[in-house]
Amino acid sequence: MTGPAPDTPHLGAALAARRADGGVVLVWCSRLDERAAFTHQADRTHYAASLIKPAVLRAAHRNLDLGERVLVHDRFPSVVRGHYRVQRADDNDEVPWERLGAHMTLGRLCHRMIRASSNLATSLVVEAVGLPAVAACAPPGLVVTRPIGDRAAIEAGLTNTVTAAAAGALLAGAAGDTALLAPYREQEYRDGIPAALPAGVQVANKNAWVDGVEHDAALIEPADAPPYVLAVCTTGLAPEHARAAIHAVTRASWADRHSLGRHSLGPPAGQAGPPLRPR
């Protein structure tokens, strides 16, 4: 479903223009604490890739002492059988690997997991908090059944999936919490949504990418309009076409920023699992 067109004409036009590229481009856009202003197949599932990491972060903030120091290692129990190793060659961040055999705080690992999309940091935090806690912090539309890189689980058919609506809810759920939002604001991978916004616009984002899949979700804070969340999920596009689609949708959302929220669709933004405990 796409709409409503009178309030979001640029978003509607951007989606119509991308149809010739093939693949799948799904969108969810909303101001905070309001119902979605624009959706396009936002409840259709995609492979989640690194978009499980925001749920891991939320679970860690709810359940762990982030000052606790843990041993950095690369071998973890599989959810199916045996163990799996995180592969350094497939990771995006050298910082935890440089501490292999030493200790890091859970807070530092959480920061690297989001800011640099570290797979090793993610596995260490998942080991500490447990997958059930991660699943409990997932919004509707995010399904987490295994850690990233658990080969036996992959071979057994277990996968992690996300919808554009869930991706948006993850970022909306972090808004207003300075500690939770900090690593998103310091995101190192900003060639998706942030790259298509005007210079100087404050944005906090988390993206995800594997072969044939590229997603980005962001909290965008214009100086002249209320903040809003945009999530774009793509599947089946070449990297350059996926990036172009994300950029086109982002520019369209910016053009529509003043009219978002006049009408609404779907559940309010920010429904990303139970509230954080006071700390």
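The values are calculated or read from the model by the stated rules, or taken from the named source; none is laboratory data. Just so you know, these numbers come straight off a predicted model, no measurement behind them. Using ideal geometry, Cβ is built from the backbone for each residue, glycine included, and neighbour counts are taken over all protein chains shown.
Quick notes on this one:
- Cβ pairs under 7 Å, 6+ apart, first in the stretch 195-209 and over 14 Å from Leu51 (Cβ atoms), second among the basic types (Lys, Arg): Ala196/Arg251; Ala204/Arg185
- Checking the stretch 73-81 against the condition returns no match, with no residue being in a strand (DSSP E or B), touching a helix residue (DSSP H, G or I) at 6+ places or on another chain (Cβ under 8 Å) and modelled with pLDDT under 95.
- Just one residue in the set Leu180, Leu109 is in a helix (DSSP H, G or I), surrounded by 16 or more Cβ atoms within 10 Å (Cβ to Cβ) and in the same structural domain as Val27 (by TED's automatic domain parsing); that residue is Leu180.
- Test result for Gly101, modelled with pLDDT of 95 or more, farther than 20 Å from Leu158 by Cα and part of a loop (DSSP other than H, G, I, E, B): yes
- Only listed residue being in a helix (DSSP H, G or I) and over 22 Å from Tyr189 (Cβ atoms), chosen from Ala121, Ala128: Ala128
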